């Protein structure tokens, strides 16, 4: 059986796979790593309809001559969904109170709602709150959506723009144990929230830089080093959260000054340097 992805013949030898479903399962991780998602399927030149998927998945590959797979970059779908979300928010704002109450039920079943639920669950959760007249207003949701849109459409610039905020939070982390000792709970909580938000943003944009090809294969060794740094940083972060929740200011001080602030800055610098080499 010949397998073509976006009209390009795939050089692969099938060994254990017996059905089309098994073939696609084997390609799933590869597609995910390349930043693509399955968007169309044809068997022997005949397009597969949604109602036929289960039947086709069970089809023996021995009876198939060609399998054509169409994919779409996840980044492209993400941009489309985020732009649509901004339009949906505007529509929601224009509704009267009674219609706003019914908006979410229909919206979650739209292509935009389903995509966000699957691919960007944290943003979908914010939509749930906003469209249910919750604590997050539409202005805040618009701001967050526009930020996510920038992360996808221009991840290099968005990543570079983080640096001043990162430097500021690293300084605040050094003061965190003193804030805990002196009872400045609100300030300490804000520092932890900001640190968490910046960390999550760095990880989100790193994924965009990677899947969109800004971190190229020639830098594989460097990318593996970054992944190791992230894994080690995750362990430090867990320890920091536990120490903070226990009000252990001594351990918090050690972790923030010598571990967390240093490691997150190292990760940021490594990603930025790798990205710069890739786009030169």
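Of everything in segment 49-82 that is over 28 Å from the mean Cα position of the chain (by Cα) and within 22 Å of residue 114 (Cβ to Cβ), the residue that is surrounded by the most Cβ atoms within 10 Å (Cβ to Cβ) is 56.
Of the residues making up segment 101-108, not a single one is at pLDDT 90 or above, out of contact with any strand residue (DSSP E or B) (no Cβ under 8 Å at 6 or more places or on another chain) and not assigned by TED's automatic domain parsing to the domain that holds residue 144.
Scan segment 93-118 for residues that are more than 27 Å from residue 154 (Cβ to Cβ) and part of a helix (DSSP H, G or I) and the total you get is 12. In segment 207-222, what residues are modelled with pLDDT under 85 and either out of contact with any helix residue (DSSP H, G or I) (no Cβ under 7 Å at 6 or more places or on another chain) or loosely packed, with under 12 Cβ neighbours inside 10 Å (or both)? Of everything in segment 207-222, those that are modelled with pLDDT under 85 and either out of contact with any helix residue (DSSP H, G or I) (no Cβ under 7 Å at 6 or more places or on another chain) or loosely packed, with under 12 Cβ neighbours inside 10 Å (or both) turn out to be 213, 217, 218, 220, 221. A single member of 172, 157 is free of Cβ contacts under 8 Å to residues at least 40 places away in the same chain, more than 30 Å from residue 34 (Cβ to Cβ) and either out of contact with any strand residue (DSSP E or B) (no Cβ under 9 Å at 6 or more places or on another chain) or surrounded by fewer than 13 Cβ atoms within 10 Å (Cβ to Cβ) (or both), and it is 172. Residue selection: residue 139 satisfies the criterion of being in a helix (DSSP H, G or I), assigned by TED's automatic domain parsing to the domain that holds residue 108 and more than 19 Å from the chain's Cα centre (by Cα).
Inside segment 32-48, residues that are surrounded by 15 or more Cβ atoms within 10 Å (Cβ to Cβ) and free of Cβ contacts under 8 Å to residues at least 12 places away in the same chain make up a count of 1. All of 95, 85 fail the test of being in the same structural domain as residue 127 (by TED's automatic domain parsing), in contact with a helix residue (DSSP H, G or I) (Cβ under 9 Å, 6 or more places away or on another chain) and surrounded by 14 or more Cβ atoms within 10 Å (Cβ to Cβ), apart from 85. Of all residues in segment 9-21, exactly one satisfies the criterion of being modelled with pLDDT of 90 or more and either out of contact with any strand residue (DSSP E or B) (no Cβ under 7 Å at 6 or more places or on another chain) or not assigned by TED's automatic domain parsing to the domain that holds residue 56 (or both), namely 21. May I ask you to verify whether residue 28 is within 30 Å of residue 206 (Cβ to Cβ), loosely packed, with under 15 Cβ neighbours inside 10 Å and either at pLDDT 95 or above or outside the structural domain of residue 213 (by TED's automatic domain parsing) (or both)? When the stated conditions are applied, residue 28 passes them.
Close Cβ contacts (under 6 Å, 6 or more residues apart or on different chains) running from residues in segment 57-69 that are part of a loop (DSSP other than H, G, I, E, B) to residues that are surrounded by 12 or more Cβ atoms within 10 Å (Cβ to Cβ) and at pLDDT below 90 comprise 64/1.
Per the conditions (1) exposed (fewer than 15 other Cβ atoms within 10 Å of the Cβ); (2) at pLDDT 90 or above; (3) over 17 Å from residue 171 (Cβ atoms), the sole criterion not satisfied by residue 196 is (3). Restrict the check to segment 187-198 and report whether at least one residue is in contact (Cβ under 8 Å) with a residue 12 or more places away in the chain and part of a loop (DSSP other than H, G, I, E, B). Within segment 187-198 (the criterion being in contact (Cβ under 8 Å) with a residue 12 or more places away in the chain and part of a loop (DSSP other than H, G, I, E, B)), the answer is no, since none of the residues qualifies.
The values are calculated or read from the model by the stated rules, or taken from the named source; none is laboratory data. Since this is a predicted model, take the numbers as computed values, not measurements. When we count neighbours, we look across all protein chains shown, and the Cβ atoms used for this are built from the backbone with ideal geometry, even at glycine.
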